[in-house]
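Enquirer: Sending over a structure as structure tokens; questions will come in a sec.
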Protein chains: 2
Amino acid sequence: MEKVYLGVDVGGMSIKVGAVNENGEILIKDTVKTDGENVDNFLSDMKKLLEKVIKEAKEKGYEVEGIGFGVPGVVNNKEGTIDKMANIKGKYIPLREYLSSLNLPIRISNDANVAALAEQKFGAAKGYNNVILLTLGTGVGGGVIVDGKLFEGYLGKGAELGHVCLIYNGLKCGCGRNGCLEAYASASALLRETKEKMEAHKDSAMWDYCDNDINKVSGLTSFECAKKGDKYAIEVVDQYVSYLGEGLLDFCNIFRPEVIVIGGGISNQGEYLSNKLQSYLEKRNYGYETAPRSEVLIAKLKNDAGIIGAASLLIK
Amino acid sequence: MEKVYLGVDVGGMSIKVGAVNENGEILIKDTVKTDGENVDNFLSDMKKLLEKVIKEAKEKGYEVEGIGFGVPGVVNNKEGTIDKMANIKGKYIPLREYLSSLNLPIRISNDANVAALAEQKFGAAKGYNNVILLTLGTGVGGGVIVDGKLFEGYLGKGAELGHVCLIYNGLKCGCGRNGCLEAYASASALLRETKEKMEAHKDSAMWDYCDNDINKVSGLTSFECAKKGDKYAIEVVDQYVSYLGEGLLDFCNIFRPEVIVIGGGISNQGEYLSNKLQSYLEKRNYGYETAPRSEVLIAKLKNDAGIIGAASLLIK
């Protein structure tokens, strides 16, 4: 009987479940839309979906070994709880307890953590034991692999790489602190920086790119116009790379990753972004003289990273 | 036969060796002054001292299990080399290879790393498995214990907690980057901040404290005058606590330590400092809502931390 591991990609609007084998292949995949406003509905939707996938897996002759969760929020990996999740009302969810009737081992981690695990086991960083991943989306998420193992910090509450101070007394961050990396290097921050530059320079080609409508500015605007040579777009991109690069130098000095994986929406810029970051780090000796090279790579697993990574919490 | 572990506290001016038992007690201790300008002398002085202590240990009936080194610089813990050490000319020292004739297991780590290990095994953080230590001296050193084990980063080159960015494009740091925590939270930085405040405020009581001679300013000046109520000294201390506190919040968000140990010269301020830091972190939820408390404590082992910690690299 082939062993499978269920991976749950938890979102406030939908829940995705996959049955993943030891090679990281998704053999079954199902999803349910849910109501993030109501915890009871959210939980019962999740449980029904899990029961459905478990039934299907058994019918196909798979042996279900356990369930892993990737949660966009703060968990407690010891107690198996969700302690805070932005899109769900009600702060505390005792997930492992709620699902105890399924009689399966349950592991819970943060969504960026499981994405890092997925990329290290089956994606861009396969074959490397010391890896960090940054997801550049609405926020900046972080995941860390040390000596081949997921590093989550005490109670699974660490590795919040987006929430290190980049600018003392800087912009207010969603977490409550000021000046966090997330406030300068998230996709949302890039939008803000793009719009500020455009407002200051009405002659920028970025205006053309978004039909003179600043509401059409996206994460692409600065990057695409920089590629075409617009001076102001290049300034936005260079500044963004510098903010992000300084954050990465922090993580080089702390972790000395062999590989840095960039995920999230901004990672669609591919090698155009990773080459710029690589060059930024290289010029600064990866933070320290005699430091080994850290290779900057783009995430490979994209939308499936959540399911595969969550399942990977249980894959040996 | 009682087992002992040799701990070597490496400095550019002197080398200290201790034979430490499994309880962290130093049974033999010896030291040699050395010439940091000459690598050959440095190495032969070290080897002679080690041979002397090994002989003495054997005469006393101890079984020597191995040698651990705490080095004020950058090491490679896999190869057993010193890759860079500020006070020694010549960048690269293949230490394990040089001492191979001693026929003992050799482990090498950074001085702040071994201090963290010492405090966690036998000092202020005894009984805790998730600990960070910051040494506040000429520089800012960092050591990290995760799940009861020393975390050194890939090749033993990580955990450089003094070299995370606190102020983007800020003051030049000794490491080559700009705006590192070390440039704002080291004892050297405190001196600079104290002098700047005094120059701006000739009516500060800090002038009296140092006999109107700015060259007599020390790490004590601001702290002692703050305790007596000098407004400007309080500003210096509050600013220093804020810089340091923001760095600690970074490490809370990354590691979620149960205990934060403060060592180095500035730690002589004891609870006056640790209480201020505790309060700073508490008011900010240790970086994140739902984060567990991190207790700020002062290092206990003082000058012996280097020897005990280096020996601890081999103690199970």
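The values are calculated or read from the model by the stated rules, or taken from the named source; none is laboratory data. Please read these numbers as outputs of a predicted model, since none were measured by experiment. Glycine also receives a Cβ, built like all others from the backbone with ideal geometry; neighbour counts cover every protein chain displayed.
Enquirer: Before we move on, is A:Lys84 part of a strand (DSSP E or B), free of Cβ contacts under 8 Å to residues at least 12 places away in the same chain and within 14 Å of chain B (Cβ to nearest Cβ)?
Expert: yes
Enquirer: Just give me the residues in the range A:163-188 being free of Cβ contacts under 8 Å to residues at least 60 places away in the same chain, outside any loop (DSSP other than H, G, I, E, B), of a type outside the set (Ser, Thr, Tyr) and surrounded by fewer than 24 Cβ atoms within 10 Å (Cβ to Cβ), in sequence order.
Expert: Correct list: A:Ile167, A:Lys172, A:Asn178.
Enquirer: While we're looking at this one, here's another question. Of all residues in the range A:252-287, count the ones that are in contact with a helix residue (DSSP H, G or I) (Cβ under 6 Å, 6 or more places away or on another chain) and aromatic (Phe, Trp, Tyr).
Expert: 2
Enquirer: Can you name the residue in the range B:62-94 that is in contact with a Ser or Thr (Cβ under 8 Å, 6 or more places away or on another chain) and over 23 Å from B:Ala116 (Cα atoms) and is also surrounded by the most Cβ atoms within 10 Å (Cβ to Cβ) among such residues?
Expert: B:Ile93
Enquirer: What are the residues in the range B:217-248 that are of a type outside the set (Val, Ile, Thr), away from chain A (no Cβ under 14 Å) and part of a helix (DSSP H, G or I), if any?
Expert: Matches in the range B:217-248: B:Gly219, B:Leu220, B:Ser222, B:Phe223, B:Glu224, B:Cys225, B:Ala226, B:Lys227, B:Lys231, B:Tyr232, B:Ala233, B:Glu235.
Enquirer: What residue, among those in the range B:167-196 that are touching a His at 6+ places or on another chain (Cβ under 8 Å) and not hydrophobic (A, V, I, L, M, F, W, C), is farthest from the other protein chains (Cβ to nearest Cβ)?
Expert: Per the criteria, the residue is B:Glu182.
Enquirer: Kindly establish whether B:Lys121 is part of a loop (DSSP other than H, G, I, E, B) and of a type in the set (Lys, Arg).
Expert: No: the conditions fail for B:Lys121.
Enquirer: Next question. Just give me the residues in the range A:249-302 being more than 10 Å from every other protein chain (Cβ to nearest Cβ) and basic (Lys, Arg), in sequence order.
Expert: Once the filter is applied, which keeps residues that are more than 10 Å from every other protein chain (Cβ to nearest Cβ) and basic (Lys, Arg), the range A:249-302 yields A:Lys276, A:Lys283, A:Arg293, A:Lys300, A:Lys302.
Enquirer: Can you run down the residue pairs with Cβ atoms below 6 Å, 6 or more apart or on separate chains, where the first is in the range A:117-132 and within 14 Å of another protein chain (Cβ to nearest Cβ) and the partner is assigned to a helix (DSSP H, G or I) and among the charged types (D, E, K, R)?
Expert: These pairs meet every condition: A:Ala125/A:Glu119.
Enquirer: Right, next: Can you give me the number of residues within the range B:98-131 that are touching a Pro at 6+ places or on another chain (Cβ under 8 Å) and within 16 Å of B:Lys157 (Cα to Cα)?
Expert: 2
Enquirer: Continuing with the same structure: Scan the range B:155-166 and tell me whether some residue there is within 11 Å of chain A (Cβ to nearest Cβ), modelled with pLDDT under 95, over 28 Å from B:Asp40 (Cβ atoms) and out of contact with any Ser or Thr (no Cβ under 9 Å at 6 or more places or on another chain).
Expert: The answer is no, given that none of the residues of the range B:155-166 is within 11 Å of chain A (Cβ to nearest Cβ), modelled with pLDDT under 95, over 28 Å from B:Asp40 (Cβ atoms) and out of contact with any Ser or Thr (no Cβ under 9 Å at 6 or more places or on another chain).
Enquirer: Still on this model: Mind counting the residues in the range B:134-153 that are out of contact with any Ser or Thr (no Cβ under 9 Å at 6 or more places or on another chain) and at the interface with another protein chain (Cβ under 9 Å from one of its Cβ atoms)?
Expert: Qualifying residue count for the region: 5.
Enquirer: Follow-up. Given the conditions (1) hydrophobic (A, V, I, L, M, F, W, C); (2) within 13 Å of chain A (Cβ to nearest Cβ); (3) in a strand (DSSP E or B), report the number of the one that B:Ala112 does not fulfil.
Expert: Failing condition for B:Ala112: (3).
Enquirer: Taking B:Ile214 and the conditions (1) away from chain A (no Cβ under 14 Å); (2) in contact with a strand residue (DSSP E or B) (Cβ under 9 Å, 6 or more places away or on another chain), which numbered condition does it fall short on, given that it satisfies the others?
Expert: (2)
Enquirer: Check the range B:199-212 and report whether any residue there is hydrophobic (A, V, I, L, M, F, W, C), out of contact with any Gly (no Cβ under 8 Å at 6 or more places or on another chain), assigned to a helix (DSSP H, G or I) and within 27 Å of A:Gly170 (Cα to Cα).
Expert: Checking the range B:199-212: at least one residue is hydrophobic (A, V, I, L, M, F, W, C), out of contact with any Gly (no Cβ under 8 Å at 6 or more places or on another chain), assigned to a helix (DSSP H, G or I) and within 27 Å of A:Gly170 (Cα to Cα).
Enquirer: Of everything in the range A:251-273 that's of a type in the set (S, T, N, Q) and surrounded by 19 or more Cβ atoms within 10 Å (Cβ to Cβ), which residue is nearest to A:Ala124 (Cα to Cα)?
Expert: Among those that are of a type in the set (S, T, N, Q) and surrounded by 19 or more Cβ atoms within 10 Å (Cβ to Cβ), it is A:Ser267.
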